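Reading through the structure tokens given below for one structure.
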Amino acid sequence: MIEISDKAKSIIDQMIIENGDKKLFLRVGIDDGGCSGLSYNIKFDDSFSEFDKFIQNENFKVVWDNRTEEYLEGIKIDYMNQGMTGGFTIDNPNAKATCGCGASFRTATFKGTRKKCD
């Protein structure tokens, strides 16, 4: 379903440890909006809903709402060092168009609601 690189797993593990709450998991979702129509929503969370599915990695769970599964199927999350900073990247095989910064996308069957990026 969702693939996370070893580098990204390491960074996520470190962030959870630094937060001090071992119950946290990585929630991956999408929101309506963004310059291409749909925006990624990735955050730490500690509560499940009845619609959630998950996979267990070595040290943490990755959770998503089953209503967004078709848009997230096959995504790859990585962490790239860029100069003196770094950030998470998402490769989504379902995206038919993306914005320049890579934070939003649309699929062949759903375009979402385009909104100007802040």
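FYI, it's all coordinate maths here, none of it is from the lab. Note that the coordinates shown come from a computational prediction; the quantities given were computed from them, not determined experimentally. Here the Cβ positions follow ideal geometry from the backbone for every residue, glycine too, while neighbour counts run over all protein chains shown.
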| field | Dipole in debye (nearest 20) - the chain, about Cα centre, beta carbon charges: Lys, Arg +1; Asp, Glu -1 | value | 440
| field | Integer Hz, Karplus 6.51/-1.76/1.60 couplings in order for region 63-73, x for Gly and Pro | value | 10, 9, 7, 4, 6, 10, 4, 5, 8, 9, 4
| task | Tell me the Kirkwood hydrodynamic radius of the chain in angstroms, computed as one over the mean inverse distance between distinct C-alpha pairs. | result | 14.9
| note | Going residue by residue through region 53-61, the Karplus relation 6.51 cos²θ - 1.76 cosθ + 1.60 with θ = phi - 60° gives ³J(HN,Hα) values, rounded to whole Hz and with x marking Gly or Pro, of 10, 8, 10, 9, 8, 3, 10, 7, 9
| query | Helix 6-19 sits at what angle to the longest principal axis of the chain, using alpha carbons and giving 0 to 90 degrees rounded to 10? | reply | 60
| request: Taking amide H positions as placed in the peptide plane 1.01 Å from N, state which residues far from residue 96 in sequence (5 or more) or on other chains have amide H under 5 Å from it. | output: 106, 107, 108
| message | Net charge within 12 Å of residue 12 by Cβ-Cβ distance, Lys/Arg positive one each and Asp/Glu negative one each, not counting residue 12 itself? | response | 0
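Take the residue pairs 7/61; 53/96; 7/43 and return only those whose Cα atoms are more than 21 Å apart. Could the numbers behind the result be given before it?
Numbers: 7/61 16 Å; 53/96 25 Å; 7/43 17 Å.
Over 21 Å apart, Cα to Cα: 53/96.
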| note | Residues other than residue 89 with Cβ under 11 Å of its Cβ, Lys/Arg counted +1 and Asp/Glu -1, net out at 0
